[in-house]
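Peer 1: Sharing a structure below in C-alpha cells format, with a few things to ask.
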Amino acid sequence: MSAGSHKMMFGKKLETEIYSPWASHYIAYDTLKKLLRENVITTGNDGEQWSEAHESRFVSALDHELEKVYAFEKETYNSLMERADKLDAQSQSDPHSIDLSKFEAELDDITHFAQELNKFSRINFAAFYKIAKKHNKIHPEYTVNALLKVRMASLPFHNEDYSPLLTKLSSLYSFLRTTTAGAKGNSALSSTLPTSLSASQPVETAIGSPTVSAVGSAPALYTSYRFWVHPDNLLEVKTAILRHLPLLVYNPQVAKAPFSSVSDPLITMLYFDSPDFHTYENRLAQKLDSAVRIRWHGNLNDNDSIIIEKKNVEGDRVTEERVSLKLKYVNDFLGNNVHMERQLHKMHEKHLPDSDIARFESSVNSIKSSIDNNDLQPVLRAVFTRTAFQIPGDDSLRISLDSNILFIREDSFGDRPSRDPSEWHRTDIDDSGIEYPYPTIKKYEKAAFPYSVLELKVVNDAETGAPGQLPNWMRDLADSGLVKEIPRFSKYVQGVASLFEDDGHVSTLPYWLTEIDADNERPMPPGSSKPLGPAIDATAGEQGNSSSDEDEFNETIRRLETVQGMQEGRTSLSRSLGNGFSNRRRAFAGADPDAYVGEDDEDSDDNEEYSDDDDDEDDGPTLPPGVRRPTTWLSQSGPVKVEAKVWLANERTFNKWMHIMVLLAGVSFAMGKTPQAYMFFAASIFSGLWGYGVFTRRLDLIRARDGRHLDEPFGPILVSIFMLVALISQFATAYGKYRDVLNTTFYL
C-alpha cells in the first residue's frame, strides 16, 4: 500500500474537528480550494492561465477569512474572561449566597469553551497554512507567504495567551473547593492564589519512575511519575488538573498582580558534564552518583544571583544541595579563585544559626569538589516555561508541567566551541538581548522538544515507606490518552542525545527516542505559550529575500504538520477506567502517524496534479542509527486493553473448525473405502490444520496489540467449494444410479 493511500485528507480532517455551534466561524477551506482552481472550473479548460484577477479574488477571500476567524476568537476569549470576572465578583462580594451547583456549572462551562477555543485556533491556523502551501504549489508564479505572515502578525488569533484565564480559573476552582469543604466566607478569592514556598526551599527530584527521592533534611520521600503531553492536549491537561489543584505562582509579587499580567515563568537550566559525558552515560546506565546544574528564572541580566544545585544519589535516595551566588562570583566559584571567608563572615555578622552556616559551607565544598574532581563544565542549556500545581502548604501531591522546551549547546569542546571557555555561560545569548526562542542561534546548536513534560510527585507512606499512590482523578488522567508515561525521562539526557550524537560525543541513546517523531526534533518552538505563533511574529516586519521566506515558510509547515495529530475518540476524563495506575510504558493506540505527516490536502475527486504528498514526504530529516519512526502519534496514545470477549471469540472460532473437522471425518468413515471417503478425510485434515493455524496467528496478533485485520476468508471459501463439489458429485452419482434402476425396470 502506498504511503498516501491511507492518509487522512486535511479537508476531511477539518470537517471532523469542527465544533458544531461554531461551524460558521471556521475558515471556509473548501471555498478557498475552489478559488485556487477557478480558472479551470469557470472555463472547463485545464490550460487556462491563472491571472491577476484570479489571484486578487483569492487573496481577498483569504484575508476575509483571516479577519472572520480573528474576530470570533477575540470576541469569544473576551467573553470567557468577562464570565470569569463575574464569578470572581460573586465570590468576593457575598460568598454565602452563591448557589454552588450553578457556580460550578458555569465554571465548567467556561473551562469547556476555553478548550474548544484553543482547538478552534489550532485547526484554523493549520488550515491557513495548508491553503497557502497549496496555493504556492498550484500557482508557483505567485506567492502569499509574505502577505500571510504580515496578516497573521496583525491578526494573531493563533497566539492567544491563556495564562490569565487559566490563573483566574485556578482561583475560582480553589474558591469552589474551599467553600464546598466548609471554608469561611471571608476568605478572599485572591488569597487562594498560592505562592512559591521560597527560592531556597528544596524541590524534590527523582530518577526513574517510580523513583524515591529525598531532599536536604526533609524526611519525606516521594514517588515520581513522568509523562509526555502532546501540544494538542496541553490546555485540556492543564484544565483537568486545575479542577483539583491550584496553580503555583513562583514569584510572590506575581500573585498580587492583576490576572492579565500573570504568565508562566521562563526557566533556564545549565547542565554540567565532563568532556567524555560521564554524567550522561551514568544517567542512562542508572549509575548516577551526583549531578550539577545552574538554574535561574527569566533573563539572566534581570537576576542578581543564580542557584547552583548538586544532586547526590545513593540508591533510591536523592539529596540535593544548593547555593545561591551573585553573578559576579560565578566565574570565580567555577574556577580556582573561590574564597568564601567573606561570605561566611557576613553570615556570622547577621547572627545566622551555626547549623545554617555549617550547611552552607558544606554545600559549597561539596559542589566545588564535584566540579573539580570530575572536570565538570557547562555543556547544555535547557529553556522552558513551567506551570506548577500544588495546594499551598500541602506537599502530598506536586505537579509541574514544562512546555516549549528548547535545548541549546553550551559546550566549549572541539574546534567549534559554542561557549567561550573563559565564561561560564554563552554571552552571545545572555548579553546580546535576544529572547526566546533565540533566532540568531545556529540551527545545529539548538533542538526543540516536541512535547511538554508532566511530572507528578506523590509523597510516600511515612510509616511503611510504600510508594505514593495517585488519587483517582489523576489515574483517570493518566489513563485518558491525553498523556503518555515515559519512565526515567530526563531533559538533560534528551538534550544531549539530540545535539551531541551527530558529532560522535555520545554513542548510547535513551530508549524513548523511538517514541519521538524525528520530523519534530529540530524545528523551533514558539516564543509564547502557543506552539506555532512566533515563527510569524518574529518575521512579520522583515523583508527578506524570496528563498529565505520560502525556507522559513516550509519550516513552519513541517512543524505544523508534525503537531497536527489531533486525538480522535478521546476518552473522557470523568470516566473511571478502573484499571489502576501502571508504571509500565504505555503502548500507543491509534492511527499511523504518517496519516498526518505530509497529508494530502485534496478531496478524492481532485486531480492528482494537485497532490501535496510528493514534496511533503521528503521533508523529514534522516534518522540517526538505531532510531526508527514512531508507529503512532503521542496525542493518540494510551493504554491498549484486550477485552475478554476477544480471546473467547478466537477460541470459539477454533472450536468451530474442530467441529467441522470431526463432521467431515465422520462422513468419511461412514462412506467406507470409496474415493469420496478419502476426499472427505483430506478435507477434515485440512480443516483441523487451518483452524489451528488461524488460532495461533490471531493469538499472536492479539498479544502484540496488532492493528491488522483478523479475518482469514481463504479457508472457509475452500471448504465451501469442496462441500459444493462433493454434494454435486454425490447428487450426480446418486442420480446416475437412479437412472440405471429405472432403465432396468422398464426393460423387465
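Peer 1: Just a yes or no: is a residue in the stretch 77-98 assigned to a helix (DSSP H, G or I), in contact (Cβ under 8 Å) with a residue 12 or more places away in the chain and β-branched (Val, Ile, Thr)?
Peer 2: Checked against the condition, which is being assigned to a helix (DSSP H, G or I), in contact (Cβ under 8 Å) with a residue 12 or more places away in the chain and β-branched (Val, Ile, Thr), the stretch 77-98 yields no hits at all.
Peer 1: Would you confirm whether any residue within the stretch 212-229 is part of a helix (DSSP H, G or I), surrounded by 23 or more Cβ atoms within 10 Å (Cβ to Cβ) and modelled with pLDDT of 60 or more?
Peer 2: So far as the stretch 212-229 goes, no, none of its residues is part of a helix (DSSP H, G or I), surrounded by 23 or more Cβ atoms within 10 Å (Cβ to Cβ) and modelled with pLDDT of 60 or more.
Peer 1: Looking only at the stretch 686-717, which residues are part of a helix (DSSP H, G or I) and either charged (D, E, K, R) or free of Cβ contacts under 8 Å to residues at least 12 places away in the same chain (or both)?
Peer 2: Once the filter is applied, which keeps residues that are part of a helix (DSSP H, G or I) and either charged (D, E, K, R) or free of Cβ contacts under 8 Å to residues at least 12 places away in the same chain (or both), the stretch 686-717 yields Leu689, Gly693, Thr696, Arg697, Arg698, Asp700, Leu701, Arg703, Phe714, Pro716, Ile717.
Peer 1: Would you tally the residues in the stretch 358-396 being more than 30 Å from Pro231 (Cβ to Cβ) and touching a His at 6+ places or on another chain (Cβ under 7 Å)?
Peer 2: Qualifying residue count for the region: 1.
Peer 1: Keeping to the stretch 92-105, report how many residues are in contact with a helix residue (DSSP H, G or I) (Cβ under 7 Å, 6 or more places away or on another chain) and farther than 18 Å from Pro164 by Cβ.
Peer 2: Residues flagged as in contact with a helix residue (DSSP H, G or I) (Cβ under 7 Å, 6 or more places away or on another chain) and farther than 18 Å from Pro164 by Cβ within the stretch 92-105 amount to 5.
Peer 1: Which ranges mark the helices (runs of 4 or more DSSP H) fully within the stretch 320-391 that have 2 or more residues being in contact with a strand residue (DSSP E or B) (Cβ under 7 Å, 6 or more places away or on another chain)?
Peer 2: Passing ranges, in order: 327-334, 354-373.
Peer 1: Looking at the structure I just gave you, is Phe389 among the aromatic types (Phe, Trp, Tyr) and in contact with a Leu (Cβ under 7 Å, 6 or more places away or on another chain)?
Peer 2: Answer is yes for this residue.
Peer 1: Only one residue in Ala382, Ala358 is at pLDDT 90 or above, small (Gly, Ala, Ser) and assigned by TED's automatic domain parsing to the domain that holds Asp411, so which one is that?
Peer 2: None of the other options fit; the residue is Ala382.
Peer 1: In this structure, is Ile728 within 30 Å of Val646 (Cβ to Cβ), at pLDDT 80 or above, part of a helix (DSSP H, G or I) and not polar (S, T, N, Q)?
Peer 2: Criteria not met by Ile728.
Peer 1: For the stretch 416-423, state whether one or more residues are farther than 24 Å from Leu470 by Cβ and buried (at least 20 other Cβ atoms within 10 Å of the Cβ).
Peer 2: yes
Peer 1: Any residue in the stretch 271-291 that is within 22 Å of Arg426 (Cα to Cα) sitting within a Cβ distance under 7 Å of a residue that is acidic (Asp, Glu)? List the pairs, counting only those 6 or more apart or interchain.
Peer 2: Cβ pairs passing all conditions: Ser274/Asp375; Pro275/Asp375; Thr279/Asp273; Tyr280/Asp273.
Peer 1: Further question: Do you know which residues across the stretch 678-714 are small (Gly, Ala, Ser) and within 19 Å of Trp657 (Cα to Cα)?
Peer 2: Ala682, Ala683, Ser684, Ser687, Gly688, Gly691, Gly693
Peer 1: Here is a list: Phe72, Phe58. Which entry is at pLDDT 90 or above and in a helix (DSSP H, G or I)?
Peer 2: The unique qualifying residue is Phe72.
Peer 1: Another one. For the stretch 282-296, which positions are modelled with pLDDT under 90, surrounded by fewer than 21 Cβ atoms within 10 Å (Cβ to Cβ) and not small (Gly, Ala, Ser)?
Peer 2: Residues satisfying the conditions are Asn282, Leu284, Gln286, Lys287, Leu288, Asp289.
Peer 1: Something else now. So which pairs qualify, if the first residue must be in the stretch 468-493 and under 11 Å from Trp228 (Cβ atoms), the second must be surrounded by fewer than 22 Cβ atoms within 10 Å (Cβ to Cβ) and among the polar types (S, T, N, Q), the Cβ gap must be under 8 Å, and the two must be at least 6 apart or on different chains?
Peer 2: Hits for this filter: Leu482/Gln567; Glu485/Ser209; Glu485/Ser582; Glu485/Asn583; Ile486/Ser209; Phe489/Ser209.
Peer 1: Being of a type in the set (S, T, N, Q) and over 22 Å from Tyr511 (Cα atoms) is the filter here, so list the residues in the stretch 265-289 that pass it.
Peer 2: Passing the criteria: Thr268, Ser274.
Peer 1: Please verify whether the stretch 418-433 includes one or more residues that are over 24 Å from Val292 (Cβ atoms) and of a type outside the set (D, E, K, R).
Peer 2: Yes: the stretch 418-433 contains one or more residues that are over 24 Å from Val292 (Cβ atoms) and of a type outside the set (D, E, K, R).
Peer 1: Looking at Ser79, is it of a type outside the set (A, V, I, L, M) and either at pLDDT below 85 or over 34 Å from the mean Cα position of the chain (by Cα) (or both)?
Peer 2: No.
Peer 1: Can I ask one more? Give Asp411, Asp402, Asp431, Asp395 a once-over and let me know the one that is more than 26 Å from the chain's Cα centre (by Cα), closer than 25 Å to Ala478 by Cα and touching a residue at least 12 places away in the same chain (Cβ under 8 Å).
Peer 2: Asp395
The values are calculated or read from the model by the stated rules, or taken from the named source; none is laboratory data. On a predicted model such as this, the values are computed, not experimentally measured, just so you know. Reconstructed Cβ throughout: ideal geometry from the backbone, glycine too, with neighbour counts over all protein chains shown.
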